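Have a look at the structure below, then the notes.
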Ligand code: GDP
């Protein structure tokens, strides 16, 4: 049976009650829907809720599969919930490879046993399917909704495989890169580009026999970082060590994130970055929509396959084909 369709006002009234998980789940489903009327309702809900009751912070987390993201989010999340009694946290994800049925990050809620059942926490896997841009956009909408509802900290996880980091960087205030001690050269190569985007870095699994290796890896990463980038706006990204299993360094890690956020607030970058992110998202959405409308035109749809074949066979230049497509009658 289909759920009754609440109005934006009805949603807002329910969502002001932090215990109404049903309303929250439904509103989030609307925000990440691929259907335009659903997304419009989600936007109306955000508008009906008004400005967030408290300013929220968005922290992105990345690292190669197996680095310990889920386990750290559980440990960090517990620390966040325990250290401030009224604090609410949401855990979201951007994973373009995810499907609802599994295989995705955050799919394994057993690593987030506390967070997935805690009354002040909300854990949501990545919106399923589609291109990265679309998935990231839907997570942005969900983030906005979570802020309007009153979540204070949003942790946004992504897989450490390249483009998705850039997408998550574009919707967070602080970007946290997790490193694995003893990762091979290939892995270090992947990290390099991402290291340049990180605000705070941490070597995970600094416990037991692995602890000395992890500390050495942190020193090496700090040295590499010195060479890689000069401190921007007075902030040199620190490289910490932590263990999600024994809790070492978790409070210190969050303290560093807060220190970075305070630094950003003090020099005006926090607001500026958010504004720029919103403008980039706006332009990107318009671009995507125009492109979709363009390709949906019957004249374009009829010509595109033939022109693409001609380009791939070298019979026509890419520029020539683009000019023909854009010049089709009915398009202008
Ligand atoms: P993800 O793929 O990055 O989300 O990594 P997971 O959180 O799933 O962790 C991968 C593996 O590393 C699991 O077997 C965890 O139990 C283990 N692990 C995660 N954090 C730690 C840690 O702090 N110390 C140790 N020793 N193992 C950890």
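The values are calculated or read from the model by the stated rules, or taken from the named source; none is laboratory data. Source: prediction; values computed, not measured. Cβ atoms come from the backbone with ideal geometry, glycine included; neighbour counts cover every protein chain shown.
Descriptive notes on the structure:
- Within segment 229-259, if we keep just the residues that are free of Cβ contacts under 8 Å to residues at least 40 places away in the same chain and within 18 Å of residue 216 (Cβ to Cβ), the residue that is farthest from the ligand (Cβ to nearest atom) turns out to be 238.
- Qualifying residue in segment 103-120 (condition: within 16 Å of the ligand (Cβ to nearest atom), modelled with pLDDT of 85 or more, crowded, with 17+ Cβ neighbours inside 10 Å and under 12 Å from the mean Cα position of the chain (by Cα)): no
- For residue 288, the test of being surrounded by 12 or more Cβ atoms within 10 Å (Cβ to Cβ), more than 16 Å from the ligand (Cβ to nearest atom) and at pLDDT 90 or above is failed.
- Of the residues 160, 182, the single one that is at pLDDT below 95, within 26 Å of residue 80 (Cα to Cα), within 13 Å of the ligand (Cβ to nearest atom) and in a loop (DSSP other than H, G, I, E, B) is 160.
- Qualifying residue in segment 125-132 (condition: at negative phi, in contact with a helix residue (DSSP H, G or I) (Cβ under 9 Å, 6 or more places away or on another chain) and within 16 Å of the ligand (Cβ to nearest atom)): yes
- Some residue of segment 204-224 being in contact with a helix residue (DSSP H, G or I) (Cβ under 8 Å, 6 or more places away or on another chain), modelled with pLDDT of 85 or more and part of a helix (DSSP H, G or I): yes
- Summed over segment 53-73, residues that are under 17 Å from residue 154 (Cβ atoms) and either touching a strand residue (DSSP E or B) at 6+ places or on another chain (Cβ under 8 Å) or near the ligand (Cβ under 8 Å from one of its atoms) (or both) total 11.
- Just one of the listed residues (12, 31) is farther than 30 Å from residue 175 by Cβ and in contact with a helix residue (DSSP H, G or I) (Cβ under 6 Å, 6 or more places away or on another chain), namely 12.
- Within segment 108-156, the set of residues being assigned to a helix (DSSP H, G or I) and free of Cβ contacts under 8 Å to residues at least 24 places away in the same chain comprises 109, 110.
- Considering segment 201-212, the residues that are surrounded by 15 or more Cβ atoms within 10 Å (Cβ to Cβ) and within 14 Å of the ligand (Cβ to nearest atom) include one that is nearest to the chain's Cα centre (by Cα), namely 202.
- Some residue of segment 248-261 being farther than 28 Å from residue 202 by Cβ and not in a helix (DSSP H, G or I): no
- Residue within segment 83-91 that is more than 11 Å from residue 159 (Cβ to Cβ), buried (at least 21 other Cβ atoms within 10 Å of the Cβ) and within 16 Å of the ligand (Cβ to nearest atom) present: yes
- All positions within segment 295-323 that are surrounded by fewer than 14 Cβ atoms within 10 Å (Cβ to Cβ) and touching a residue at least 12 places away in the same chain (Cβ under 8 Å): 298, 299
- The helices (runs of 4 or more DSSP H) found entirely in segment 1-62 that carry 1 or more residues being at negative phi and under 21 Å from the mean Cα position of the chain (by Cα) are 21-31, 36-49.
- The listed residues are 290, 285, and the only one of them that is within 30 Å of residue 170 (Cα to Cα), within 34 Å of the chain's Cα centre (by Cα) and in contact (Cβ under 8 Å) with a residue 12 or more places away in the chain turns out to be 285.
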